[in-house]
Structure formats: C-alpha cells, structure tokens
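Inspection log for the structure reproduced underneath, given as structure tokens.
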Amino acid sequence: MFNNIVKMRIMFKNSILIAVIVLFTVNLNAQNCAEFINGQSLSYGYELNSMSKSGAVRTGKKYKFVFTLNSGKVYRFSFYASSSLNNDMEFILTDQNSGTQILFLPGEQPEIPVESVEGEYNEYGEWVEKPKQTQSNLPQYTAIPGIAFKAVLKADYYNNVMTYPFFEFKPANAMNLEVTVDIKELPDGLIKKGCLGIMVQDRDEVAEFQSL
Amino acid sequence: MKNYSLIFILLFGLSMSFWSCDKTKNNQTSADNNEFEEFEEFGEEETFYRIPSPDEMFSFLTDKNLKFQPELLNPSANADKYIDRKAKELNFGIYAADLAYTASFHQFQGSVDYITVVKRLAEDIEIAAVFNEDMNNRIKNIFENADTLINVTNATYYQIVNYLQKNDRNQTLSLLTAGGWIETLYIVTHLVPEYDENSKTIQHIADQKLTFENLMLSLEQFNDDPAINETINDFKEIGNVYAQLKVINTETSAKQNAEGNVVIVGSKTKLHMTKEQFNLLKQKIAQVRMKITGKSNV
C-alpha cells in the first residue's frame, strides 16, 4: 500500500515534469506570425515601411490588403509564407483607382527536373551523381516588360538560399494598391495554418539602384 | 531507473530546444498546425488597410523654403491633460507625428523631448514594452547624426505598430493612426506659405485623400467602439472637402523608367485641389486637431 502511494507520487511528479518540458518546447517551437518578417534583411538602398504586415493564415482562404502608396517613391513588396501552406497561393496586385490588375503571381509551378552530369567517385570507386537540380517554370503574369520580380515561393535548398516573390515599382501617381492573397486548399482537403508576411520597403525616387 | 527516465526527459527537452533554435536561425518555417493557435489570426472576410506613417509624409518635404516651425507642435506639457483612453491614444498619434516632424528637420533636442513624451504616454496606454533595452540604446545614440535620428524615429513608429498588431490592439492602432494623420496634415498644410497649383507639396496634400479614405475604412471596422465612432464623426467634414477634389488625366501609364530597371504603374489620373479647397481643408483639419489636442496654435 505504502509502495503504491510512493509510486503514484513519483509518477505524478514525472507527469508534471513532462508537462512542463513539453509546454516549454512547444512554446519555443511556436511561431509568432506577427514577427514573421522581422528577421528578413532589407534590400540595398531601401527602408522598411511601417505598412508591412504579417499574421497567421490558413489554407483555403483569401486575404485582402490595401496599401496607400505615394508618388515619388519606389516600393518593393516581398511576400513570405510558411512552407506548411504548401507554396500554393496566388498574389494579385490591383490598382484600386482604375481597377487594373498590375501583377499576378501564381506561386510555385510544377518543377521540371534538369539532367545533371555532375558527380564524384565515392570511396568504393563508384560514380555517384550529385542530386538532380530542379527549376521552376516561370509563371504567367500580366505582361509588363522589365519588371523586377521573382516568382519562386519555394526555398532553393540546393543553392542554400531562400527566395521569395517580390515586386519593385514606382507609382505614377498616388494610388491605393490592393493585394489579394489566395491560399489554395490542400489536395487532401486538410486545413493547415501558417504565417504570411508582406514586407513593404521604399526608397526615394531620386536614388536609382540596379534591381537586385 | 527513475534517474534514467529523468535524464531521458531532460535530453529530449534540450534536443527539442536546440532543434527549435536551429530552425529559427535558418529561417525555415515548416510548421505544425498547433503552433499557430495562440497568435493573431486574420479575420474571415476582413480587409487590412495599411496607412503610411507620418515620417513618410514628411519625407516629401523637399522644398528648401519650408522652415521648421516649432509653434505648430503640440507642446509636450499638454500630455498631462489627456485623461481618458481616447484622448491619450489620439494624442499618442499626435506626438508620434510631432516626433517624426522634428526628426525630419533634424531637430535633435526637440526629438528627445518628443521621444520622452511618447514614452510617457506609452506607459499610460500600456505599450511601454515597445521601449525595450535595444530601442532605448538606439534612442541614446541619436545624437550621432541626422540619419540615425530619422532611422530611430522610424523604427520607433514601426515597433509601436507591430506591437499593437501583435497584441490585437487594433482599436488603439486605429486611433493612433488617426491622430498621427491629422497632426501630419495640420503641420504640412501650415508649412505651405501659400497655395501654388504646381507645388509638389500641394499635390501630396491632395493625394492624402487616398490615405484618408483608407483611414476612415479602417476606423469603420471598429465603429462599435464609442471612441472610434466619435472620431469618425469628427473626421467627416474633412471627407466632405476631399470629396470635392476633381480627378484629372495625366499621360502616365505602366511602363519602364529611363533606367529601365523600375516599372512605373498606376492610373492615368491624379487629384487636383484648388486654392479654395486647400484653404477649406486646412481649416477643417485645424478644427479637428484642436478638438483632439485642446490647443489652437495658429
């Protein structure tokens, strides 16, 4: 009887300990979506604009943002999303004044494997090819020549860099820019949550830099 | 046996911690569904209206004839007079704009005074956590040069906005933004010595119609809050003036600039403001601003 009580007390203590550790680790793993873009570095010559916004989103939903942009500035909009959202989302930028769609970024496209002949001999003298490189199809977008943007949403693990879509432009006149983000449903219908961030940077029109 | 269990649990916890740190460092955001439950979530059909900060408006004041006019500012001593939540939050925005104005004209001592007021009001509206050790250290270094001063004031505003969003204080953010916008327009309309149809500053004041519309839409999202509803009513006369502005055609359309590296986008129209409209707008803005601050400068 006494032994059982001691055992129960030990189990209770261990349970508490496990609960504390699990809560601790979950808290560490938790992502504060409001700070999702805080770690991103600014592009050369640009300053962070306080209109930047990030937060938690879920698959199968649309989100709309309206930004007031002034003439005389060059803006750079960068889009960030958690990989849990499956990289399958559309970004549509529309000039609210005229209702004209400026840019359509459909997110990640099917990958096309590119044959690689690179490789090396292993310790047994066998030829081992390096992992095959892949590249994304360039998506269809509203054709404005010379737009500086990247439309790849997925991390480029092979080159160890993260690439995100961005769009640099200069408003002809003051405008309200509507950004609609359509996060597609997952093929299996499951709802996944993740972080979405729109980082707005700006610089004065007079200082022209080469696009990065 | 018990000791082994404990060691295992501790090792598991530590390994999870390191995994988490490593993940953050690499900025890879693979996530489990449960990770997001505690955090801010965008609403079902909500639209997010983003309003430019006061410093962005002041950055357009490139006309060298515009002189710094300290009498336009809301005196820091007034901060003690604001008792209720609405007055404190609106005037927090007013002082944030005053800080941006003093910084944009490289007024170091004035900026320090207004940072002090902003910090004091931040405590009153329970956002003092914005001014953490890092931010306070940056503020201490503002005497280094003008760029640092402007960068610090911009960073302060960004941190305030970010903090309010993170803590789901959207009503406070709306009132702060409204206060900041009215003070910015009050200062800029009074800086302009006289109306000039071709002045870039006049054009920027006219362009603020777009910001004003977004501001009103963002306020209306919280119109069940009496403080915000009163503010909407106060701002309506400004809207009536902006509604009078005509839209005129320009020749610009989507194309590249001369350097070929930045695309120009936007409509072929712009807003035009007459001298009468400018004077009326200036008057209405001063009236609203006086109601908020309780002070008439000019």
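The values are calculated or read from the model by the stated rules, or taken from the named source; none is laboratory data. Predicted, not measured: the structure shown is a model, and the values here were computed from it. FYI the Cβ positions are ideal-geometry reconstructions off the backbone, even for glycines, and counts take in every protein chain you see. Note: areas computed on protein heavy atoms with side chains; ligands, DNA, RNA excluded. Shrake-Rupley method; radii C 1.70, N 1.55, O 1.52, S 1.80 Å.
Residues of the stretch A:46-66 losing 30 Å² or more of accessible surface, assembly versus chain alone, probe 1.4 Å, please list them.
A:Glu47, A:Leu48, A:Ser50, A:Met51, A:Lys53, A:Ala56, A:Lys61, A:Tyr63, A:Lys64, A:Phe65, A:Val66
³J(HN,Hα) across the stretch B:235-249 via Karplus (A = 6.51, B = -1.76, C = 1.60, θ = phi - 60°), whole Hz, x for Gly/Pro?
Calculated HN-Hα couplings, in order: 7, 4, 5, 5, x, 5, 5, 4, 5, 7, 5, 8, 9, 10, 7 Hz.
Quantify how strongly other chains surround peptide B:269-276 by giving the mean number of their Cβ atoms within 10 Å of each of its Cβ atoms.
Values: counts 5, 6, 3, 0, 0, 0, 0, 0.
Partner Cβ neighbours, averaged per residue: 2.
Ranked from the most accessible area to the least, with a 1.4 Å probe and all protein chains present, what is the order of A:Arg58, B:Arg120, B:Arg289? Each step should come with its number before you reach the end.
Numbers: A:Arg58 65, B:Arg120 95, B:Arg289 0 Å².
Descending accessible area places them as B:Arg120, A:Arg58, B:Arg289.
Between chains A and B, what is the buried accessible area in Å², counting both sides, with a 1.4 Å probe and ligands, DNA and RNA left out, to the nearest 100?
On the way: alone 14060 and 17720 Å², together 25420 Å².
Separately minus together, A and B give about 6400 Å² buried.
Applying the Karplus parametrisation 6.51 cos²θ - 1.76 cosθ + 1.60 with θ = phi - 60° to the phi angles of the stretch A:165-179, what ³J(HN,Hα) value in whole Hz is obtained for each residue in order, glycine and proline being reported as x?
x, 9, 9, 10, 6, 10, x, 5, 9, 3, 8, 9, 9, 9, 10
Whole-Hz ³J(HN,Hα) for each residue in the stretch B:89-105, computed from phi via Karplus 6.51 cos²θ - 1.76 cosθ + 1.60 with θ = phi - 60°, x for glycine and proline: what do you get?
Listing the rounded values in order: 6, 5, 6, 4, x, 4, 5, 5, 5, 4, 5, 4, 5, 4, 5, 5, 9 Hz.
Would you please give the residues with an amide H less than 5 Å from that of B:Ile264, counting only those at least 5 places away or on a separate chain, with H modeled from the backbone geometry?
Under 5 Å from the amide H of B:Ile264: A:Lys170, B:Lys255, B:Gln256, B:Asn257.
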